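Colleague: Right, I'll just put the structure down here and ask away after.
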Amino acid sequence: MSEVISYEVHGDVAVLRITNPPVNALSHAVRQGLSDAMGRAESEAKAVLIVGDGRTFIAGADITEFGKPPKDPWLPDLCNRIEASPLLVVASLHGAALGGGLEVALSAHYRTAVPTARVGLPEVHLGILPGAGGTQRLPRLTGAGAALDMITSGRHVGAAEALKLGILDHVEDGDPQSVGVAYAQTLVDQGAPRRPICDMPGPEPVDFDAVHADVLKKGRGQLSPATAVRAVQAASELPFLDGLRRERDLFNELMATDQRHGLIHAFFAERAVSKLPELKGVEPRPVAAMGVIGGGTMGAGIATAALLSGLTVTLLEMSEDAAKAARGRIEGNLSGALARGKLSQDQYDMLTGQALTLATDYTALKDADLVVEAVFEEMSVKKDVFGKLDGVCKPGAVLATNTSYLDVNEIAASTSRPQDVIGLHFFSPAHVMKLLEVVVADKTAPDVVATGFALGKAMRKIAVRAGVCDGFIGNRILSAYRACADHMILDGASPYQIDAALLEFGFAMGPFAVADLAGLDIGWAGRKRLAPTRDPRERVPDYPDRLCEAGHFGQKTGKGYYIYEAGKRGGVPNPEVMDLITAERAAKGITPREFSDQEIVRRYMAAMVNEAARVVGEGIARRPLDVDMTLIFGYGFPRYRGGPLKWADLTGLPELLKDIETYASTDAYFWQPAPLLQELVRDGRSFDDLNKGQPL
Ligand code: T1G
C-alpha cells in the first residue's frame, strides 16, 4: 500500500492505519495513501475504519507544509471524498484528534474513541481557521454555539464531553483498532446507514454579529478567532457546498496575514527553544528533592511550582516567623489550584504536608539535589548564601540563583564548585509565569545546564538559555524599550498614551501599568545601582524618582502611574504624574511635541529590536527565536506577532534600520544601530535565517 498507510481487511471492514510519527500529521504522503486506500476498500469491503498508529489519531494538517506549493489530493477534497464514499466509514480516535485530524473524523459517518481521547479544532492558535470542512460539519453536529466555542477558543475537548456534544457516537476503552473494527462490524451487521454530515441541516442561527464583536475584543487584535465566526455563520446561512467555499475564502484570507506567520513561528519556536544542540546526549542530574532559600513572593512561588511538578521541597528562612509566613504563601498559592479544581484535597494535603518542609537551619539542605536561592538582590547577600550552601550541600548538588540581573559568574566564583552553579531566573508569580531563563555561567557544567532544562520541562516552563550580562535576555531588552518610552515622555508623550498605543498593538499591558504591577521601587533600586557608572550622554528622567520618593510604588501602595481603588480592576491615571513630567520638561527646557500612536509603537519596537539584535549578536541569546519566546512568555508580547524579531522580519529590517538611523539624528548615543542588524540588512538576510542555523 504506502509507507504511511497500511491496509488490512478484518471481516467486512477495511482498516486504514496511519503511521506518520510523531503525530500522524496529514502530510501529502498520508493524504495520497488515504485516498488510494479508500479506492481499494470500495472495491472489496463493506466498511472502512480509519485509525492512527502510535500515540495519537491525527494532530492535523502537516504544518511544515504550509507555504509550500499545495499537492493533490488537497485535504478538503480528501475529506469530501471520504464522506462521499458508498461504504460506511468509521473513525476510531485516541490521543489527539486535532484540526485536520478531527476534520477527517468528521468526514467519516461514525466516530468512536477511547475515554482518554481529546478532540479539537485549534487552528486559530496558528492564525488560521479549520479549512477542511470543520466550520461546516462541526456545527451541524453540535449546534452553532458549541461549535463557536470550540473553534474560537481552539480548546481540546475530552471524550466524555465530545460524546455529549454529539461529536462522538461511541466511547470504549481498549486498543483503538480492535474497538474500531468491532464497532464498524456491528454497524454493518445492524445495517446502519451512511450518515454524511453534509446532508444534515445547517445549525440554528445565533447572534453572529454579537459573537464576532465579543471574540474580536477578547482577541486583542488577533484576527483568526473572529474570522472563524463568519465561517460558522456560513454553515447556518448557506447550503453546504457554498459554506465550504466561504470557509476556503476566509481560510485563504488568514493564510495571507502576518499573524499566521507569527503564530506558526511561535508554534515551532516554543518547541525548539529548549532543544540545544550542545545538550544532545548530555544526561541531567537526577532531581527529586529541591531546596529553596527565601520564602518571599518569589521563593514561595518557586516552591509551589516545584511541589506541583512532583518534587519534595525544603524551604529555608531566617526565622520561625518568616518560615511560617512562607508556608502561608505556598498554601495560598496551592489553595488557588485547589479552588480551580486543578488539585484534589488529598493532593493539596500531600503537597502541604509530607512534600513540604520549612527550616531555619542550612543543614536541612544537605540532601537536596538542587537548591534555588531567592533572597534579596544584593551581591554580598548572595555570596554569603552561596558560601553557606557550598559548606552544607552534598557533592553534585546543583546550586542555582534566581537573581534577575546580578553577575552569576561572580556568584559562582564565591564557591569551590563554580561548575555546579547556574542561574534559574523565574518570573513572578513563579508558579504561574511560563518563562524560565536558564542562565549559563562561564564554568557551568553541561550536565548542570541539562538539569536546568529538565527542571524547566518538569515544571512545564518555557526554558530559554541565556548568557551572563546585566538583565540576561528579557530584563536587558526591557530596560532598552522602557528607556525609549521614558525619552518619548520627556519629549512630549504621556505614559497613558504610550500604554494605550501598546495595548492596541496587542500587548497584555502597557509598560507603565506593568511597572505599577511589578513595583516602582524595583526600577528605582535599579536606577540607583546604575547611577555611579552611568554614561553622562544617557537620558534618564527624574520624575519616576520623585514619584518613589513620595512613597508611590504602584499597585502595592495603591498609587503609581495609576491610582488603584480596592476591589476595582485596573487603575485611573494619577494626575500627579503629569505634573511631575511637566515640571521636569520645564526644568530641562524641553518643549513638548505631539507623538502619534504609530510613532510611539515604531520607536518602542525599534528600541526593542535593536537591543534584541545586540543580545543575539553577543551570544547572550543563542538564536533570535530565544528572544521571541522570552518576550512572549515573560513580557506580554502579543503571540500573534511571533515575537519582536519575527515581527522585525515581517516588518522589514531595512525600514527598521532606517528608522533607527533617523532617530539617531536627535539622540546618537541611545540609537546606535546594533552591528548584527546592520549586517543582516547589508547581506539581505533575516533573523529567521539565523534560526534556521545559518551562521552569523
Ligand atoms: N504538523 C507538523 N508537525 C507537528 C504537528 C503538525 N500538525 N503537530 C505536532 N507536530 C510536531 C511538533 O513540532 C514536534 O516536533 C512533535 O510533532 C511533537 O509535538 C486544514 C490546516 C498534538 C497536542 O494545531 O498541539 O489542521 O519538536 O512537542 O506536547 O484545518 O503537538 O519533536 O520536532 O507538541 O505531546 C492543526 C498542533 C493544524 C495541533 C502533541 N493542529 N500540535 O503535543 O508534542 S492546522 C494543531 C499540537 C490544520 C486544517 C488545518 C501538539 C500535540 P519536534 P509536541 P506534545
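Only the coordinates and a few stated rules stand behind these numbers; no lab work does. Values in this document were obtained by computation on a predicted structure and should not be read as measured data. Using ideal geometry, Cβ is built from the backbone for each residue, glycine included, and neighbour counts are taken over all protein chains shown.
Colleague: So what's the net charge close to residue 202: Lys and Arg +1, Asp and Glu -1, counting the other residues with Cβ under 10 Å from its Cβ?
Modeller: -1
Colleague: Further, regarding this structure: When only Cα pairs under 8 Å and 6 or more residues apart are kept, what is the percent relative contact order across the stretch 149-246?
Modeller: Computed value for the stretch 149-246: 28 percent relative contact order.
Colleague: Principal axis extents for the stretch 33-116, Cα atoms only, whole Å, descending order, please.
Modeller: Its Cα atoms span 38, 32, 19 Å along the three principal axes.
Colleague: If you don't mind, there's one more thing I want to ask. Give the peptides 417-430, 85-98 in descending order of average Cβ contacts within 10 Å, highest first.
Modeller: Highest to lowest by the protection proxy: 85-98, 417-430.
Colleague: Another question, if that's okay. Per-residue HN-Hα couplings for the stretch 316-325, Karplus 6.51 cos²θ - 1.76 cosθ + 1.60 at θ = phi - 60°, whole Hz, x for Gly and Pro?
Modeller: So the J values, rounded to whole Hz, are 9, 10, 7, 8, 4, 4, 5, 5, 4, 4.
Colleague: Using helices alone, what [θ] at 222 nm do you get for the chain, with -39,500 (n - 2.57) per DSSP H run of 4 or more residues, divided over all residues and rounded to the nearest 500?
Modeller: -15000 deg cm²/dmol
Colleague: Which order results if 50, 473 are arranged by neighbouring Cβ count within 10 Å, fewest first?
Modeller: 50, 473
Colleague: Run the reach check for residue 394 against aspartates and glutamates, Cα to Cα strictly under 15 Å, same-chain hits fewer than 8 apart removed. What comes back?
Modeller: Of all the aspartates and glutamates, those that pass the test against residue 394 - Cα under 15 Å, at least 8 places apart if same chain - are 367, 369, 420.
Colleague: Related question: Under 8 Å for C-alpha pairs, at least 6 residues apart: give me the relative contact order for the stretch 630-696, rounded to a whole percent.
Modeller: About 26 percent, as a whole number.
Colleague: Students often get this wrong: which residues of the stretch 218-247 have the backbone nitrogen under 16 Å from the point 7 angstrom along Cα-to-C-beta of residue 199?
Modeller: Of the residues in the stretch 218-247, 240-241 have backbone N under 16 Å from the label point off residue 199.
Colleague: Once phi is turned into θ = phi - 60°, what whole-Hz ³J(HN,Hα) does the Karplus curve with 6.51, -1.76 and 1.60 give for every residue of the stretch 404-413, x standing for Gly and Pro?
Modeller: Couplings: 9, 7, 5, 6, 5, 5, 5, 5, 4, 5 Hz.
Colleague: Quick one: work out Rg over Rh on the C-alpha atoms of the chain, Rh as Kirkwood radius.
Modeller: Using only Cα positions, Rg/Rh for the chain is 1.01.
Colleague: A follow-up question, please. Quickly rank 677-686, 242-251 as a protection proxy: mean count of other C-beta atoms within 10 Å, highest first.
Modeller: Going from most to least packed, we get 242-251, 677-686.
Colleague: Along the three principal axes, how long is the stretch 567-696 when you take its alpha carbons, biggest first, rounded to the nearest angstrom?
Modeller: Answer, in whole Å and largest first: 51, 43, 24 Å.
Colleague: Where in the stretch 447-488 is the amide nitrogen less than 19 Å from a point lying 7 Å along the Cα-to-Cβ axis of residue 55?
Modeller: Inside the label zone: 453-463.
Colleague: Further question on the same structure: Give me the net charge for the shell around residue 503: Cβ to Cβ below 11 angstrom, other residues only, Lys and Arg +1, Asp and Glu -1.
Modeller: Charge balance in the 11 Å sphere: -2.
Colleague: For residue 658, list the aspartates and glutamates whose Cα falls under 18 Å from its own Cα; do not include residues on the same chain fewer than 8 positions away.
Modeller: Within the straight-line limit of under 18 Å, residue 658 reaches these aspartates and glutamates: 599, 611, 649, 667, 679, 683.
Colleague: Additional query: Tell me the relative contact order for the chain as a rounded percent, counting alpha carbon contacts under 8 Å between residues six or more apart.
Modeller: Worked out over the chain, it gives 9 percent.
Colleague: Give the order of 403, 352, 152 when sorted by the count of other beta carbons within 10 angstrom, beginning with the fewest.
Modeller: By the 10 Å Cβ count, ascending, the order reads 352, 403, 152.
Colleague: Also, I was wondering about something else. Please state, rounded to one decimal and in Å, the Kirkwood hydrodynamic radius that the stretch 85-151 gives when every pair of distinct Cα atoms enters the mean of 1/r.
Modeller: 12.3 Å
Colleague: Just to verify a number: FRET efficiency for residue 655 and residue 249, C-beta to C-beta distance, R0 = 25 Å, to 0.05?
Modeller: So the FRET efficiency works out to roughly 0.25.
Colleague: Give, in nm to one decimal, the length gained when the segment between residue 508 and residue 470 is fully stretched (0.36 nm per residue of separation minus the Cα-Cα distance).
Modeller: 11.2 nm
Colleague: What Kirkwood hydrodynamic radius do you get for the stretch 303-405 when you take the inverse of the mean 1/r over all pairs of distinct Cα atoms, in Å?
Modeller: Taking every pair of different Cα atoms in the stretch 303-405, averaging 1/r and inverting gives 14.6 Å.
Colleague: What value does the stretch 517-635 have for Rg/Rh, both radii from Cα atoms and Rh as Kirkwood defines it?
Modeller: Looking at the stretch 517-635, the ratio lands at 1.01.
Colleague: May I ask which of 275/457; 218/556; 280/434; 68/692 have a Cα-Cα span longer than 19 Å here?
Modeller: The pairs that break the limit, which is 19 Å between Cα atoms, are 218/556; 280/434.
Colleague: Note the full-extension length gain between residue 528 and residue 596 as 0.36 nm times their separation in residues minus their Cα-Cα distance, in nm to one decimal.
Modeller: Answer, rounded to one decimal: 21.3 nm.
Colleague: Show me the ranking of peptides 139-146, 68-75, 610-617 by mean Cβ neighbours inside 10 Å, starting with the highest.
Modeller: Averaged packing, sorted descending, gives the order 610-617, 139-146, 68-75.
Colleague: If you place +1 on the Cβ of every Lys and Arg and -1 on the Cβ of every Asp and Glu, how big does the dipole about the Cα centre of the chain come out, in debye to the nearest 20?
Modeller: In total the dipole reaches around 280 debye.
Colleague: May I ask you to sort 407, 321 by Cβ crowding, counting other Cβ atoms within 10 Å and putting the fewest first?
Modeller: Neighbour counts put them in this order, fewest first: 321, 407.
Colleague: Using a ≥ b ≥ c from the Cα gyration tensor of the stretch 53-209 (square roots of the eigenvalues), is it rounded, prolate or oblate, where a/c under 1.5 gives rounded and otherwise the larger of a/b and b/c decides, a/b for prolate?
Modeller: Note, shape of the stretch 53-209 comes out rounded.
Colleague: Then there is this: Going by amide H atoms built from the backbone, whose H comes under 5 Å of the H on residue 356, apart from near neighbours?
Modeller: Excluding prolines and chain starts, which carry no amide H, the hits are 313.
Colleague: Can you work out the Karplus-derived ³J(HN,Hα) for every residue in the stretch 361-373? Use 6.51 cos²θ - 1.76 cosθ + 1.60 with θ = phi - 60°, whole Hz, and x for glycine or proline.
Modeller: 10, 4, 4, 5, 9, 5, 9, 5, 7, 8, 10, 10, 9
Colleague: How many Å³ per residue does the convex hull of the Cα positions in the stretch 380-451 occupy?
Modeller: 93 Å³
Colleague: Another question, if that's okay. Mind checking the full-extension length gain between residue 669 and residue 178? Use 0.36 nm per residue of separation minus the Cα-Cα distance, one decimal, nm.
Modeller: Answer, rounded to one decimal: 169.7 nm.
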